[in-house]
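Undergrad: Before I ask anything, let me first share the structure, which is written out below as structure tokens.
Every number in this text was worked out from the coordinates using simple rules, so none of it is lab data. Note that the coordinates shown come from a computational prediction; the quantities given were computed from them, not determined experimentally. Cβ placement follows ideal geometry from the backbone for every residue including glycine, while neighbour counts extend to all protein chains displayed.
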Amino acid sequence: MRILIIAIVALVLQVYPKYCSAENIEIEFSEDDSYSIEVARIGVGDTIKWIPKNQGHNVEFLAGPKMSSLPKNSKIDQTYSVIFNDPGVYLYGCSPHANMGMLGLVIVGNDLHNLENIKKIKLSPVANSVLKRLIRIAESHFKSS
Ligand SMILES: [Cu+2]
């Protein structure tokens, strides 16, 4: 019986990490009014933490796979964490600087199913050109993986 328990415990310990492999990525608000990682690729259930290394910025979600339940906006200069449980592409920006191109993409679970909707988001001309660049990065990463 004891051997059986030890065997079960060993098995659980071996298997368990595969089911709790959620990771954390940290993205900083940087000096040049941008995010330190512009295109983040994470798994379903992973967490992104935004860190206010530079003042005057936040995180405002503009689009995601479920438009009706986007993560709420963060407050300016506040550390902010979001757990991403829905696969797809998320677009976010800084409320004061999104129009100047302070944008970021999060790709969850290697899933680009809603990328066409992200492309249709209305932005300023500057922000739109930044978004096009980020989408190119997202698509090229996707092809090479
Ligand atoms: Cu900003």
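Undergrad: Give me ILE135, ILE3 ranked fewest to most by other Cβ atoms within 10 Å of their Cβ, as a rough exposure proxy.
TA: The order, fewest Cβ neighbours first, is ILE3, ILE135.
Undergrad: Could you tell me which of the pairs LYS66/LYS122; LYS53/LYS132; LYS75/LYS132; LYS66/LYS119; LYS75/LYS120 are separated by over 23 angstrom between their Cα atoms in the structure shown?
TA: As for pairs spanning more than 23 Å Cα to Cα, those are LYS53/LYS132; LYS75/LYS132; LYS75/LYS120.
Undergrad: Sorting check: for 42-53, 88-99, which peptide has the highest mean count of neighbouring beta carbons within 10 Å, and how do the rest follow?
TA: Highest mean packing first, the order is 88-99, 42-53.
Undergrad: What shape does segment 12-113 take by its C-alpha gyration tensor, where a ≥ b ≥ c are the square roots of the eigenvalues and a/c under 1.5 counts as rounded, a/b above b/c as prolate, and the rest as oblate?
TA: In terms of gyration-tensor shape, prolate.
Undergrad: Next question, about the same structure. Near the amide H of ALA63, under 5 Å away, which other amide H atoms are found, from residues 5 or more places off or on another chain, if H is placed in the peptide plane?
TA: When sequence neighbours closer than 5 places are left aside, the close amide H contacts are LEU91.
Undergrad: Quote the FRET efficiency, to the nearest 0.05, computed for GLU26 versus VAL126 with a Förster distance R0 of 30 Å and r equal to the Cβ-Cβ distance.
TA: The pair GLU26/VAL126 has a calculated efficiency of 0.70.
Undergrad: Using a cut-off of 13 Å between beta-carbons, work out the net charge of the residues near MET100 (Lys and Arg +1, Asp and Glu -1, MET100 not included).
TA: For residues surrounding MET100, the net value is -2.
Undergrad: Continuing with the same structure: Got a sec? How would ASP77, ASP33 order by Cβ neighbour count within 10 Å, fewest to most?
TA: Ascending number of Cβ neighbours within 10 Å: ASP77, ASP33.
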